[in-house]
Ligand code: TRP
Ligand code: SF4
């Protein structure tokens, strides 16, 4: 194992292939990924099958959108040396796990996922009464469980999907984690840790089971993580044995809630391609300046001599993203007293956005000019992802009684 891989656990996140990304994605998702990639063993992937669940009628651009998006990940600083970057459909193991999980997932669990009814209402022009659309949260569960991810960074709207994933994992472990002779196998595995660790494990297990000591549980888990001479199977047995259940084959992931992005669009609404209010990560400097200069301000501030109210102005929202307290005070004072004009007020924002985008734009150009490099990065990411996915699947097949050896 690579010694630079952090031991805090594994993080998985996916993004639908939407093409070139904008500042909303950068402040809302990518900056979070940049932080996570140094703290966790990260798997980031393009959810191209997920795009099909809603856009099966217009799927021609998925490939082009995928490459554009991957280039923007890289340009923003996602580091293929630290995180595995790959494409969902290139790791077909996701589909097999999805199928297998579908056998044990009650229909009601999927019908109750809030996005099911919400999205059908929001996307009325599409026919979403499909099998694939109903099942897409379970596909997401397969995405997560196949890597045995411990954390999934999601926005508020996706928390229900992680919750479903936990329920599916629990059901799976309950159904298939009860192997014959489990206790004996667990006791044997304990002995493999050596006398000292075995005693410690037993003591911590007793503290948890008899006194409900959660700290002891956490320490015992960390102890198991550190054991080099346990097989994957034994380690899972001992995780399960700790809690008194059977083996934990698919661990339950935690949702890592990402705070909603404060990045507004050029009109003050949420920045989104469908509102036409974006600044893309590869936007040319002239266009950046032009878009910000013509951005609407407090509508009551018609003349330069009229005082304004920052709370009614989308530019103020940008100052909350880009300006420190001193500059925010300068804006409030200057705006409400008509001491500064709106162009004066926008100037530091223009400079901040230009400074932020310059290195991203330059890196993006390098990747655009070298498509073979991008292909190689993804190819390697897919291979690494498949190695992990295959291992999980082998075990899933075995416990489900589908191991033909
Ligand atoms: N469903 C997510 C979205 O629409 C994308 C996604 C697919 C995902 N699989 C995932 C996110 C697994 C996190 C983990 O945005
Ligand atoms: Fe908006 Fe700044 Fe103009 Fe005030 S001075 S209305 S905050 S752009």
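The values are calculated or read from the model by the stated rules, or taken from the named source; none is laboratory data. In this text, all values refer to a predicted model and were calculated from it rather than measured experimentally. Positions of Cβ are backbone-derived with ideal geometry, glycine not excepted, and every protein chain shown enters the neighbour counts.
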**Study point:** Residues located in the range 357-373, provided they are farther than 10 Å from residue 282 by Cα and crowded, with 18+ Cβ neighbours inside 10 Å
**Key:** 367
Revision key, fill the gap. Screening 220, 189 for residues that are outside the structural domain of residue 148 (by TED's automatic domain parsing), in a helix (DSSP H, G or I), crowded, with 19+ Cβ neighbours inside 10 Å and under 31 Å from the mean Cα position of the chain (by Cα) leaves only 220
Review point. Does the range 35-53 include one or more residues that are modelled with pLDDT under 95, more than 27 Å from residue 266 (Cβ to Cβ) and near ligand 1 (Cβ under 10 Å from one of its atoms)?
Key: yes
Review point. Pick from the range 266-290 the residues that are at pLDDT below 95 and assigned to a helix (DSSP H, G or I): which of them is surrounded by the most Cβ atoms within 10 Å (Cβ to Cβ)?
Key: 273
Practice item. Collect the residues in the range 319-338 that are in contact (Cβ under 8 Å) with a residue 12 or more places away in the chain, in contact with a helix residue (DSSP H, G or I) (Cβ under 9 Å, 6 or more places away or on another chain) and more than 9 Å from ligand 2 (Cβ to nearest atom), keeping them in residue-number order. Key: 320, 321, 322, 323, 327
Practice item. Considering each residue of the range 312-338, count those that are part of a helix (DSSP H, G or I) and either within 16 Å of ligand 1 (Cβ to nearest atom) or within 19 Å of residue 24 (Cα to Cα) (or both), and give that number. Key: 9
Check your understanding: Scanning for something surrounded by 13 or more Cβ atoms within 10 Å (Cβ to Cβ), in contact with a strand residue (DSSP E or B) (Cβ under 7 Å, 6 or more places away or on another chain) and farther than 27 Å from residue 13 by Cβ, does the range 311-323 turn up at least one residue?
Key -> yes
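Here's the yes/no breakdown for (1) in the same structural domain as residue 27 (by TED's automatic domain parsing); (2) surrounded by 15 or more Cβ atoms within 10 Å (Cβ to Cβ); (3) assigned to a loop (DSSP other than H, G, I, E, B); (4) within 16 Å of ligand 2 (Cβ to nearest atom):
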{"residue": "292", "(1), (2), (3), (4)": "no, yes, no, yes"}
{"residue": "298", "(1), (2), (3), (4)": "no, yes, yes, yes"}
{"residue": "304", "(1), (2), (3), (4)": "no, no, yes, yes"}
{"residue": "308", "(1), (2), (3), (4)": "no, yes, yes, yes"}
{"residue": "340", "(1), (2), (3), (4)": "no, yes, yes, yes"}
{"residue": "346", "(1), (2), (3), (4)": "no, yes, no, yes"}
{"residue": "351", "(1), (2), (3), (4)": "no, no, no, yes"}
{"residue": "389", "(1), (2), (3), (4)": "yes, yes, no, no"}
{"residue": "404", "(1), (2), (3), (4)": "no, no, yes, no"}
Exercise for review: Considering every residue within the range 40-52, establish whether at least one is in a strand (DSSP E or B) and out of contact with any helix residue (DSSP H, G or I) (no Cβ under 8 Å at 6 or more places or on another chain).
Suggested key: yes
Study note, to complete from the structure: How many residues of the range 1-27 are in contact with a strand residue (DSSP E or B) (Cβ under 9 Å, 6 or more places away or on another chain) and either within 12 Å of ligand 1 (Cβ to nearest atom) or at pLDDT 95 or above (or both)? The answer is 14
**Study point:** Top-ranked residue in the range 135-158 [being at pLDDT below 95 and under 21 Å from residue 108 (Cα atoms); ranked as farthest from ligand 1 (Cβ to nearest atom)]
**Key:** 157
Practice item. Could you check, for the range 236-259, whether at least one of its residues is part of a loop (DSSP other than H, G, I, E, B), at pLDDT below 95, within 16 Å of ligand 2 (Cβ to nearest atom) and more than 30 Å from residue 185 (Cβ to Cβ)? Key: no
